[in-house]
Amino acid sequence: MAKKSFKQFCGEVVQKVPAIATGIFEVVTSPNPAATAIGRVSELLKSKAEKDEKARMALQELEQHRMEWEKEMYELDIEAYKAEVSDRSSARQKYLDADKASADAIGRQIIGRNLTYIFILLLVQVLVTISSVFLASGFIEDKETAVTIGSSLGSVVGAAIGTVIGSLLQERNQVVGFHFGSSMGSRQKDYK
């Protein structure tokens, strides 16, 4: 048997990569990678189960393990939800027992100032984008290239500002979620 060259080996690998990469990408990017992987293996076994006894037995065993796994995942979801509810109740109880005035002041500050900060950051983003386009136009003769470079600089700053804005909005959501929970009724239940 003739020895393959490295180039031939690489060519064969490259031919097989798209099919494998597509399957891996589907599993990795799915909301539930384990369930997607089990589903892919199950599909493969189903296609072979009609003709192959080992595949049929493996499929039955896989289905049994899948059902056990789903039951365990469901129980873990319930436990996680219970822990989340308990943590939220504990935080509200600490709030009731602690100095409410300082907690309320912090909450008011977050709710009141974050929108101002967000508005200022949006203005800064617009100003940086416009000024970087004009600045690039002063140094670069080709206007299209200058606009592209200026816009790129503006988008880099915009990405950073977008991250900060997201954090500020999340902070507001946490304050609102703490004080009101999922509904006003949950807050009223806590105070009874």
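The values are calculated or read from the model by the stated rules, or taken from the named source; none is laboratory data. Just so you know, these numbers come straight off a predicted model, no measurement behind them. Positions of Cβ are backbone-derived with ideal geometry, glycine not excepted, and every protein chain shown enters the neighbour counts.
To keep it simple, each residue is scored yes or no on (1) within 27 Å of the chain's Cα centre (by Cα); (2) modelled with pLDDT of 85 or more.
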{"residue": "M73", "(1), (2)": "yes, yes"}
{"residue": "I78", "(1), (2)": "yes, yes"}
{"residue": "A101", "(1), (2)": "no, no"}
{"residue": "V128", "(1), (2)": "no, yes"}
{"residue": "L135", "(1), (2)": "no, no"}
{"residue": "E141", "(1), (2)": "no, no"}
{"residue": "S155", "(1), (2)": "yes, no"}
Given the options A19, A91, A83, name the one that is surrounded by 10 or more Cβ atoms within 10 Å (Cβ to Cβ), modelled with pLDDT under 80 and of a type in the set (G, A, S). A91
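Quick grid of which residues meet (1) hydrophobic (A, V, I, L, M, F, W, C); (2) exposed (fewer than 14 other Cβ atoms within 10 Å of the Cβ):
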| site | (1), (2) |
| --- | --- |
| R113 | no, yes |
| I118 | yes, no |
| L127 | yes, yes |
| I130 | yes, yes |
| E144 | no, yes |
| S151 | no, no |
Does G107 satisfy the condition of being touching a residue at least 60 places away in the same chain (Cβ under 8 Å) and small (G, A, S)? yes
Just checking, which of E12, E26 is surrounded by 14 or more Cβ atoms within 10 Å (Cβ to Cβ) and at pLDDT below 80? E26
Test for V124: is it at pLDDT 80 or above, in the same structural domain as I149 (by TED's automatic domain parsing), in contact with a Ser or Thr (Cβ under 7 Å, 6 or more places away or on another chain) and under 30 Å from G162 (Cα atoms): no
